[in-house]
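The values are calculated or read from the model by the stated rules, or taken from the named source; none is laboratory data. These figures come from a predicted structure and were not determined experimentally. Heads up, the Cβs are rebuilt from the backbone with ideal geometry, glycines too, and the neighbour counts pull from every protein chain shown. What goes into the accessible areas is simple: the full protein's heavy atoms, side chains included, and nothing from ligands, DNA or RNA. Shrake-Rupley method; radii C 1.70, N 1.55, O 1.52, S 1.80 Å.
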Amino acid sequence: MFAAILHGPRSVEVVSLPEPEAVPGSVVIEIDRCGIGGSDLEAWLTGELPGPAWFGHEWVGRVVAIGDGVTDRFLGERVLGAVPPPCGRCRPCRAGLADHCDLVLEMIVGVDPLSSGHGAFAERLRVDARRVFRAPESLDDATVSLAEPAAVAAHAVGRHPVRLGDLAVVIGAGTIGLLVAEIVRASGAGGVVVIEPDAARREVACDLGADAAFAPGEGALRWLEDRSHGLGADLVYDCVSSGAALASTVDLVRRGGGIVVVGVGKGSSFPWTNKTHERELTVRASLGYNIGDVRRVLDLMADD
């Protein structure tokens with residue numbers, strides 16, 4: 001079979017690989033569609049991956065083979081790549097910290113033992129059977145392939161939940177930022193403003209329900225000044241995590257408000273300024289997602 005393999009910065013080669021074998025505990029997926037996420041683009045630019053199976057991780061397909069020990073009747077079913085429930089055996093799980101299960105994190109980045117060693121830019125893929133999640137037949141492949149990034153966005157919003165009527169700022173209108181803005185709106189926000197340098201992305205953000213979208217600068221501050229009576233945003237979701245984006249968050253959020261750092265930036269750090277302390281800001285990071293996030297976003301997609 002053929003697969004696209006990342007070899008280094010801006011270097012992808014389509015190679016012939018042996019057919020994946022359904023070893024015990026695994027399933028083989030015939031890939032129907034695989035999304036290209038922001039982290040795939042970053043990997044292509046830098047040549048760096050958290051794990052070989054990460055390059056192409058937003059996929060949907062049909063189960064064509066199952067290994068010994070797989071009790072669910074997945075054969076022939078349409079599934080998407082997700083994560084398992086907490087394992088209950090790793091150190092965090094045994095300590096009552098199942099939300100931070102080691103197995104779930106391994107499967108998010110594709111370094112678990114049953115991984116094929118490549119991602120889903122391929123004709124077929126072997127994965128741990130615990131990773132697959134049945135796809136609703138009411139949703140087409142293009143929609144289902146968005147479930148993984150949508151789960152990342154839902155997890156980010158869940159890190160600092162929206163209260164009814166909150167004013168929220170989303171920095172960055174890439175895939176994750178746009179999905180965060182949609183979920184924030186669906187969660188009951190009274191106003192959502194997006195900050196994004198690209199004009200086309202700003203237009204898409206407004207088409208998807210943002211009240212306003214501005215280039216970096218004074219526009220968002222003026223909008224917040226008017227809408228919040230000078231207080232600032234209740235919540236800011238940074239989906240970029242550049243140094244400039246992180247620095248801007250403390251100027252956008254009100255006293256006692258919350259900041260969620262979603263984007264994974266290199267060489268940037270959070271600005272622990274006097275404003276952070278004086279305003280009693282809550283700062284939380286968000287990484288990955290869990291099986292509950294997948295269920296929630298699929299339900300939201302099916303309701304549209």
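Report whether or not ALA142 is open to solvent by 20 Å² or more (accessible area, probe 1.4 Å), part of a helix (DSSP H, G or I), among the small types (Gly, Ala, Ser) and within 20 Å of SER39 (Cα to Cα).
So ALA142 fits the description; yes.
Taking the condition in contact with a Ser or Thr (Cβ under 8 Å, 6 or more places away or on another chain) and crowded, with 17+ Cβ neighbours inside 10 Å, does GLY56 pass? Judged against the criteria, GLY56 is not a match. Would you confirm whether any residue within the range 186-203 is in contact with an Asp or Glu (Cβ under 7 Å, 6 or more places away or on another chain), closer than 22 Å to ALA285 by Cβ, assigned to a helix (DSSP H, G or I) and among the aliphatic types (A, V, I, L, M)? Among the residues of the range 186-203, not one is in contact with an Asp or Glu (Cβ under 7 Å, 6 or more places away or on another chain), closer than 22 Å to ALA285 by Cβ, assigned to a helix (DSSP H, G or I) and among the aliphatic types (A, V, I, L, M), which makes the answer no.
Among the residues of the range 140-184, write down those that are of a type in the set (Gly, Ala, Ser) and over 15 Å from ASP299 (Cβ atoms).
Selection gives ALA142, SER145, ALA156, GLY165, ALA168, GLY172, ALA173, GLY174, GLY177, ALA181.
Is it the case that the range 150-167 has a residue that's outside any loop (DSSP other than H, G, I, E, B), crowded, with 21+ Cβ neighbours inside 10 Å, at pLDDT below 95 and out of contact with any Lys or Arg (no Cβ under 6 Å at 6 or more places or on another chain)? No, the conditions are met nowhere in the range 150-167. The residues listed here are PRO85, PRO113; of these, the one that is open to solvent by 10 Å² or more (accessible area, probe 1.4 Å) and either more than 30 Å from VAL12 (Cα to Cα) or not in a loop (DSSP other than H, G, I, E, B) (or both) is PRO85. Considering the conditions (1) at pLDDT below 95; (2) in contact with a Phe, Trp or Tyr (Cβ under 8 Å, 6 or more places away or on another chain); (3) farther than 16 Å from HIS118 by Cβ; (4) open to solvent by 50 Å² or more (accessible area, probe 1.4 Å), GLY69 is excluded by exactly one of them, (2). When ARG91, ARG130 are checked against the criterion of being modelled with pLDDT of 95 or more and either more than 16 Å from the chain's Cα centre (by Cα) or open to solvent by 10 Å² or more (accessible area, probe 1.4 Å) (or both), a single residue qualifies: ARG91.
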